[in-house]
Amino acid sequence: MNAALGYVSIAIVALATALIGFYGLRVSRTTSDFYVASRTVRPWWNASAIGGEYLSAASFLGIAGLILLSGSGGLLFPIGYTAGYLMLLLFVAAPLRRSGAYTIPDFVEARLESRTARRLTSVIVIVVGWFYIVPQLQGAALTVNITTGLPPWAGSVAVAVIVGIVVAAGGMRSITFVQAFQFWLKLVAIAVPVVFVLLAVTDGSPAALDPSVAFPASVGPESLDAYRTVSLLVALLLGTMGLPHVLVRFYTNPDGDAARTTTLIVLGLLSVFYLFPVIIGLLGRAFAPDIADAGTADALVLLLPGRMLPGLLGDAVTALVIAGAFGAFLSTTSGLVVSLAGVISQELLGGSVRGFRIAAVACSLVPLAVALMTASAGLAGSVGLVFAFTASTLCPVLLLGIWWRGLTAHGAIAGMTTGALLCGAAILAGPAIGQSVPALRTVLELPAAWSVPLAVVVTVTVSLLDRRRVPRGVDHLLARLHVPERGSAR
């Protein structure tokens, strides 16, 4: 691979990100601009921005790599990622926007009238965000190392520094422009290689590509394990509803109807995008299986165009892919840093613009330290564990808080604590226990199938035992969550 292409592509994306971000700085003047873009982001802009931050390293690189390694099993990730937004549309988007909150902890405190529940929620949001950022930085390390030959740490440091500066400078208003641009960059960057590679391998005849070569029976649907399938889908479907960087974007819509419209557009955008990494994974199984053997499956999207396309065309398409990959790391990390900076600033730094900026820098540096000290275990798999943790902690409280009058602060605290301890222990201790007790390996590697139901049961049970402490203002708040605003956008 031509290292100069890597340098140029990364430099262009970094420069474009900085310029767009600093343009946003010109219109970021108030505290509300920094936290929720003054709640004025229209559906198409917001949907593009959500696509920009949601389509992370796991989507751009990891899905194709998983399909290369495991065949049909890798298809569960794009299905789960997209269907998770359908769950958001049905259960969360509009009510959450009508709550008037800035952050998830804001909503929890308003719903449960409990500072303790708010603080616990803040801690979980920060843990989720930091550990979601780590795979993005590891993906950047992989991309920079393969495309330029620089040491892996250079990619992680570059993303952390750029994101820290841009977010601290312009906040949510600035990042909205950046992420919308980066979504369309990513879509073009992954669609163009698919078109050219398909033309190259088929010579205009689709019959030249035999799917049975890419998906033999041994990796077809019948090879899927029932428990792994159910647990992974539970994590992806429910975990999406608790992702802090996704939820905070619904606070930027003008009203609840706009939030619903935004979610519908996002569903369409994600459905189109995920076609392409799936096709790349299939092409990799058919024409480049040695990439998996070399232990670089996550780099399939980066390596396939140069292998399948001749000369300058291959170089040009590879340069576009590199730009899209780097854009994925920047946009997702930006969204996470914005959401975390809002939480930390409000909890510890007074909620001021200065506090937001200090928190943004801290939220870039802490995950960077973790990424530099750890090795990637597969981008999609790492993100899947974050989804499982989110589904076990934040999702039950959000769903029950929006749809069940009987939720109490004690119930929410007990449920979040249970989910965090059970899922966290499975993630941290699972690999070691699985080696000594193979029968438990799958159950611990994918804990959502049992950790989520247990968290819900504990939340409901404790709330029922504590029913006298249902917040007094719950009926008024629930009415506000579920009654459409007058004159709202249609």
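The values are calculated or read from the model by the stated rules, or taken from the named source; none is laboratory data. Just so it is clear, the structure is predicted and the values come from calculations on it, not from any experiment. All Cβ positions, glycine included, derive from the backbone under ideal geometry; neighbour counts span all protein chains shown. All accessible areas refer to the heavy atoms of the entire protein, side chains included, with ligands and DNA or RNA removed. Shrake-Rupley method; radii C 1.70, N 1.55, O 1.52, S 1.80 Å.
Here is a yes/no grid of residues against (1) touching an Asp or Glu at 6+ places or on another chain (Cβ under 7 Å); (2) charged (D, E, K, R); (3) open to solvent by 10 Å² or more (accessible area, probe 1.4 Å):
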{"position": "TRP45", "(1), (2), (3)": "no, no, yes"}
{"position": "TYR54", "(1), (2), (3)": "no, no, no"}
{"position": "ALA64", "(1), (2), (3)": "no, no, no"}
{"position": "GLY71", "(1), (2), (3)": "no, no, no"}
{"position": "PHE77", "(1), (2), (3)": "no, no, yes"}
{"position": "MET87", "(1), (2), (3)": "no, no, yes"}
{"position": "ARG97", "(1), (2), (3)": "yes, yes, yes"}
{"position": "ARG118", "(1), (2), (3)": "yes, yes, yes"}
{"position": "SER122", "(1), (2), (3)": "yes, no, no"}
(request) Take ALA341 and decide whether it is of a type in the set (Gly, Ala, Ser), closer than 27 Å to VAL125 by Cα and open to solvent by less than 10 Å² (accessible area, probe 1.4 Å). (result) yes
(message) I need the helices (runs of 4 or more DSSP H) fully contained in the range 246-362, keeping only those with at least 3 residues that are under 25 Å from PRO43 (Cα atoms).
(response) 256-287, 311-348
(request) Take the residues in the range 466-490 that are in a helix (DSSP H, G or I) and either modelled with pLDDT of 95 or more or among the charged types (D, E, K, R) (or both), then tell me which one is surrounded by the fewest Cβ atoms within 10 Å (Cβ to Cβ). (result) ARG468
(message) Checking the condition part of a helix (DSSP H, G or I) and either more than 21 Å from HIS245 (Cβ to Cβ) or without any contact (Cβ under 8 Å) to a residue 12 or more places away in the chain (or both), which residue from ILE126, ILE146 passes?
(response) ILE146
(request) May I ask you to list the residues in the range 169-201 that are surrounded by fewer than 23 Cβ atoms within 10 Å (Cβ to Cβ), among the small types (Gly, Ala, Ser) and either touching a strand residue (DSSP E or B) at 6+ places or on another chain (Cβ under 7 Å) or at pLDDT 90 or above (or both)? (result) ALA191
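The rows are residues; the columns are (1) more than 17 Å from THR332 (Cα to Cα); (2) modelled with pLDDT under 85.
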{"site": "SER223", "(1), (2)": "yes, yes"}
{"site": "ARG228", "(1), (2)": "yes, no"}
{"site": "SER231", "(1), (2)": "yes, no"}
{"site": "VAL234", "(1), (2)": "yes, no"}
{"site": "GLY239", "(1), (2)": "no, no"}
{"site": "VAL248", "(1), (2)": "no, yes"}
{"site": "GLY256", "(1), (2)": "yes, yes"}
{"site": "ILE265", "(1), (2)": "yes, no"}
{"site": "GLY268", "(1), (2)": "yes, no"}
(message) Let me confirm something: among THR390, THR418, which residue is in a helix (DSSP H, G or I), of a type in the set (Ser, Thr, Tyr), over 16 Å from TRP130 (Cα atoms) and out of contact with any Phe, Trp or Tyr (no Cβ under 8 Å at 6 or more places or on another chain)?
(response) THR418
(request) Please specify each residue of the range 125-162 satisfying the condition of being within 19 Å of LEU349 (Cβ to Cβ) and surrounded by 24 or more Cβ atoms within 10 Å (Cβ to Cβ). (result) VAL125, GLY129
(message) Against the condition out of contact with any Gly (no Cβ under 6 Å at 6 or more places or on another chain), open to solvent by 10 Å² or more (accessible area, probe 1.4 Å), under 16 Å from VAL192 (Cα atoms) and modelled with pLDDT under 90, how does MET373 come out, does it pass?
(response) no
(request) Report whether or not TYR7 is part of a helix (DSSP H, G or I), open to solvent by 60 Å² or more (accessible area, probe 1.4 Å), at pLDDT below 80 and among the aromatic types (Phe, Trp, Tyr). (result) no
(request) Could you please let me know if ALA110 is of a type in the set (Gly, Ala, Ser), within 19 Å of LEU399 (Cβ to Cβ) and in contact (Cβ under 8 Å) with a residue 40 or more places away in the chain? (result) yes
